[in-house]
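Remarks on the structure that follows.
The values are calculated or read from the model by the stated rules, or taken from the named source; none is laboratory data. It should be emphasised that the depicted structure is a prediction, and the values quoted were computed from it without experimental measurement. All Cβ positions, even for glycine, are placed from backbone atoms using ideal geometry, and neighbour counts span all protein chains on display.
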Amino acid sequence: MVAGKRTGAAKGSRHNKKYWRKGTNIDEIEDAIHNKARQVATGVVVEDMKDEELFVVDRTASTKKVEEPTRTRKQQAALDKIAKNITKEQVSLPKPIGKTLKKPAKLPRGNAILMNKKKVGKAVKKAPKFDVWTTDLTPSIPAEKLNVPEAAEHFLKVVKKKQPKTPGKSITTLLPAVEVAQGGASYNPESKEYHDYVMKIAGEEQKLIDSEQKIKRGIEPQWEKVTTEHERFLEMAEGLRIHPKFGKDDEEHPATEGTATEETVKSEPVSCERMTKEQKKKKAKAAGLEKEEKRRLDEKAREQDSHNVFRTKQIHKELDEEEKQRHEESEDRKKKKILNKLTKRQKLGRGKFVDAEEPFLLQEELTGNLRQIKPQGHVLDDRMKSLQRRNMLPIGGNKAKKLKTSLKHKIVEKRNVKTVVKGSRVI
Amino acid sequence: MKDKFKQKYTAGAAVAYMSRKQALKKLQLTLKDFRRLCIIKGIYPHEPAHKKQANKGSTANKVFYYRKDINFLAHEPIINKFRDYKVFLRKLNHLKAKKEDDKIKKLYDNKPVYNLDTIVKERFPTFGSALRDMDDALSLCFTFAMLPHTRVLKEGMIDSCRKLTAEFMHYVIESQSLRNTFISIKGIYYQAEIHGEKITWVVPHERGLPHVTDVDFTVLVTFVEFYIAMLGFVNFKLYQDIGLFYPPQIGQVVENDEMESEDYKEKVYSLAKPLAKRKDVEQTEEDEPLDLLGEDSDALAQKVREAKSIKTMFKGSVFYLNRECPKEALTFIIRNGGGVVGWEGGPTELKSDSKNITHHIVDRPMDKLEVNRLYIQPQWVFDCLNARRKLPTERYMPGVALPPHFSPFTSEKAGDYIPFERLEELRSMGKDVSELESAIPKTMDELPMRRKEVKPEKPKGIHIAVGQMHKKSKEKFHETVEKGQELKMRELMISKKHQRVYHSMKTSFKRNRNDALKLKKKAKLVKAAAV
């Protein structure tokens, strides 16, 4: 705002229009207008002039040095450090002393890559050209690298180059790997062999059919319709007039008429059969005799035991014999167990072993020459079953479904809940 | 001091066994990888004797393994390869999504592969043990060689199966060790004797194999993967033993590149041409004089004689196979017997009108026959091998109903009905059939005729004759009666437990006898009718 004296209207409040009109200082603007007019009159307008016309570049050195501001020692040190870092030349790392590593070989380019690739591809495909059973495949470390054999062994085991000793291989089965088909399965069989073979298959099939039928019979109800007790009663009472209150009495008002029925129903007289005196006597006598007999037998046994002292030799013999027999039996059991393990199917996994069905041809399908033969069955199927039979593969089955023990909650919005709206009357 | 408070399930079956789930956790593998590892390493599950104990109180049916087996598996370096493969798949997925083809290519080049050499040696420490396990390997590989390739069955696997099986058959031919064959409706069974081991395998018929649904191919593929590695080594060793080049070479020595060509492969797979032998190995001719083996080593001498007769069976004969015959099987057997085989467009370039053909194998009725050769049906070749000699060809002519094809693997029991043809065959194989023959029940007309005593005619009318003393043939009567009585007594002595078995055996003998008798009578009638 303008400084100095305020005159006239300017003396009043500044925020009214009156002040804005009269109180403003316009000296500066007048000066500027005057200056410009003067410049125009003299011929040159400063604003339009170029820099070179206005100024002169001073090229003479000034003797006076610009005085640097005094700094503390600490500030100076920091500055120096910065300056040093900026000005310092970048120097490469010193070369390593000693052997220098060779530069990696030039990687092949272009056609050379393709040529190399061919070599690698062929090497992989090629069949083995050495005898595994005569060449030593155990890995080893050359002696000049590691002289201590124990350490080498340990190292190889840790890096899994060398395997530990194989666990003793147990024979899994005694069954033959390839079971040759029976004579009846020949493409041109002898009639007897063929008959036997086919009859055996037919017998198995019949067994299957029978078992299926048995199950069916068990499931179906024996009579067409099962009549209930009530239906039977109604049938029996057909045509009879039944009092309308019949049957209702004992169902509907058992509690109210309880006292009344108690009086009417007569319980049967409790009969208590008692033995006669003679019978009692007889029984007591029999018991006495029994006791006597038992005592007698006990005594006899005791006496015989006492005689055993003289039979010790024989008893020893008997015991020895028994022991021997027991041992033999246990050996037999062991043998049988092993044999079972090696010849029978074990339960491996959840699934059930299903043997492959023997393939066969009907009599009219047996053409008798190799050209028109109709192959039956599949070798792979046979192989799979054979592997399973020899306990080499587990048989997977479906997991048993768990029965739900708790019921799931379900939210249901009932219709009459929906009808209750704001404003509805509560009864 | 004995531990007073020993915890449950810290000893015995509970520790000796490990469930599959536990094993997976221990090895940090997925089920798929674990299965593969077990098959490759030959580790099989076991059912514990005390299942409840092993299962820590539960009776659920689980798959159990020996703990020591699983501990052994943990050291297998292949496990790391499995893990690498998992990483490889992840990277591949990543790059595929980004569509970075160069990197994918690079990744494929560095695909982790594992080597089964050490495992083959570990599972089969000796060559003999590998030979004993060949049955499975051959049957699977022969079948796989016929399958079409799919996503699971890689082409490379099928090719190598084809190659290895062809190589094996070449070995059998060169060593002439095939012994038995049997054509069943399932496939053709073969049995060879290599290094004293009987190796049996089955080859499916050369038809399109039907589709199977309930076979887990991933499992079988893993088996085949291992068997391919094993068969490679076995073949190499077998070839070395009899001085052949491995891989097999026909005629002159061929370069590796040429060996890869389809033409050359076809030639090898056809089995028709003999393999080249190495010159540095001297051929040992096994011409052991048979009289070296004394009379006592009868079985051995028999075996040697049989082998010799098989080796020279088709020597000097030239076989021409008609179009419809199964070439591989026939070539295999004929060349095993020392014959020469050819067919139209085959590698031996035998023309159908060639003069030196001795046998022409045909499986359809022929109208134009040449004079100077024998025409036979394919079954003749198979039956010849089983009979160990050249059978007469009359019954095997084209258009004639063939005699039945018997299995050489079944053994006859005394007392059964054995058809005449089979008996002949057995006799020709040099087996002692007298026991079998004597056990066949005799029909009434075969029994030695009891001479009817010619009774002097009684003079008619009343007459008087000189009285005769009643003579009892003492010895004979007593013998038979006593024998019968003794038998009865012995039967009475049988314990009750065994009595039932005895009687059922007796009845079954009787039934079999009756059956055999009936069949024999029938056969006789048929024969009589034919004549």
Only one of B:ILE194, B:ILE158 is within 20 Å of B:ILE39 (Cα to Cα) and more than 11 Å from every other protein chain (Cβ to nearest Cβ); which? B:ILE158
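Quick one: which residue in B:ARG67, B:ARG36 is more than 9 Å from every other protein chain (Cβ to nearest Cβ), in contact (Cβ under 8 Å) with a residue 60 or more places away in the chain, among the charged types (D, E, K, R) and surrounded by 12 or more Cβ atoms within 10 Å (Cβ to Cβ)?
On the way: B:ARG67 fails: in contact (Cβ under 8 Å) with a residue 60 or more places away in the chain.
Just one listed residue meets the conditions, B:ARG36.
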Any residue at all in the stretch B:82-102 that's out of contact with any helix residue (DSSP H, G or I) (no Cβ under 9 Å at 6 or more places or on another chain) and within 11 Å of chain A (Cβ to nearest Cβ)? no
Selection within the stretch B:235-263 - surrounded by 15 or more Cβ atoms within 10 Å (Cβ to Cβ) and closer than 23 Å to B:LYS154 by Cα: B:ASN235, B:PRO247
Selection within the stretch B:113-152 - facing chain A (nearest Cβ under 8 Å), of a type in the set (Val, Ile, Thr), in contact (Cβ under 8 Å) with a residue 12 or more places away in the chain and over 29 Å from B:THR213 (Cβ atoms): B:VAL113, B:VAL120
Odd one out for B:LEU209 among (1) in contact (Cβ under 8 Å) with a residue 40 or more places away in the chain; (2) buried (at least 18 other Cβ atoms within 10 Å of the Cβ); (3) facing chain A (nearest Cβ under 9 Å): (2)
What are the residue pairs meeting all of these: first residue in the stretch B:341-369, first residue closer than 21 Å to B:TRP380 by Cα, second residue hydrophobic (A, V, I, L, M, F, W, C) and modelled with pLDDT under 90, Cβ atoms under 6 Å, and 6 or more apart or on different chains? B:VAL341/B:ALA272; B:GLY342/B:LEU350; B:ASP363/A:LEU370
For residues in the stretch B:174-191 being assigned to a strand (DSSP E or B), among the hydrophobic types (A, V, I, L, M, F, W, C) and within 12 Å of chain A (Cβ to nearest Cβ), which is farthest from B:VAL381 (Cα to Cα)? B:ILE188
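Out of all the residues in the stretch A:389-409, is one or more under 23 Å from A:ILE201 (Cα atoms), at the interface with chain B (Cβ under 8 Å from one of its Cβ atoms) and not aromatic (Phe, Trp, Tyr)?
Applying the first criterion (under 23 Å from A:ILE201 (Cα atoms)) to the stretch A:389-409 yields A:389-390.
Retained after the next criterion (residues that are at the interface with chain B (Cβ under 8 Å from one of its Cβ atoms)): none.
The answer is no; no qualifying residue exists.
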(1) at the interface with another protein chain (Cβ under 9 Å from one of its Cβ atoms); (2) under 29 Å from A:ASN369 (Cβ atoms) all hold for B:VAL215 apart from (2)
Check off (1) within 12 Å of chain B (Cβ to nearest Cβ); (2) at pLDDT 90 or above for A:LYS335 and give me the number that stays unchecked. (1)
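Pick from B:LYS8, B:LYS62: which is surrounded by fewer than 17 Cβ atoms within 10 Å (Cβ to Cβ) and either out of contact with any Leu (no Cβ under 8 Å at 6 or more places or on another chain) or closer than 17 Å to A:ARG350 by Cα (or both)?
Working: B:LYS62 fails: surrounded by fewer than 17 Cβ atoms within 10 Å (Cβ to Cβ).
Only one candidate passes the filter, namely B:LYS8.
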If A:THR367 meets every condition in (1) closer than 24 Å to B:TRP380 by Cβ; (2) at the interface with chain B (Cβ under 7 Å from one of its Cβ atoms) apart from one, which number is that one? (2)
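In the stretch B:4-61, what residues are of a type in the set (D, E, K, R) and within 37 Å of the chain's Cα centre (by Cα)? Give the steps one after another, and end with the answer.
At the first step, the residues of the stretch B:4-61 found to be of a type in the set (D, E, K, R) are B:4, B:6, B:8, B:20-21, B:25-26, B:32-33, B:35-36, B:41, B:47, B:51-52, B:56.
Passing the criteria: B:ARG20, B:LYS32, B:ASP33, B:ARG35, B:ARG36, B:LYS41, B:GLU47, B:LYS51.
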A:LYS341 fails exactly one of (1) free of Cβ contacts under 8 Å to residues at least 12 places away in the same chain; (2) of a type in the set (D, E, K, R); (3) under 24 Å from B:THR143 (Cα atoms), namely (3)
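One residue is enough: does the stretch A:205-212 have a residue meeting the conditions in a loop (DSSP other than H, G, I, E, B), basic (Lys, Arg) and either surrounded by fewer than 14 Cβ atoms within 10 Å (Cβ to Cβ) or within 11 Å of chain B (Cβ to nearest Cβ) (or both)?
Narrowing the stretch A:205-212 to residues in a loop (DSSP other than H, G, I, E, B): none.
Checked against the condition, which is being in a loop (DSSP other than H, G, I, E, B), basic (Lys, Arg) and either surrounded by fewer than 14 Cβ atoms within 10 Å (Cβ to Cβ) or within 11 Å of chain B (Cβ to nearest Cβ) (or both), the stretch A:205-212 yields no hits at all.
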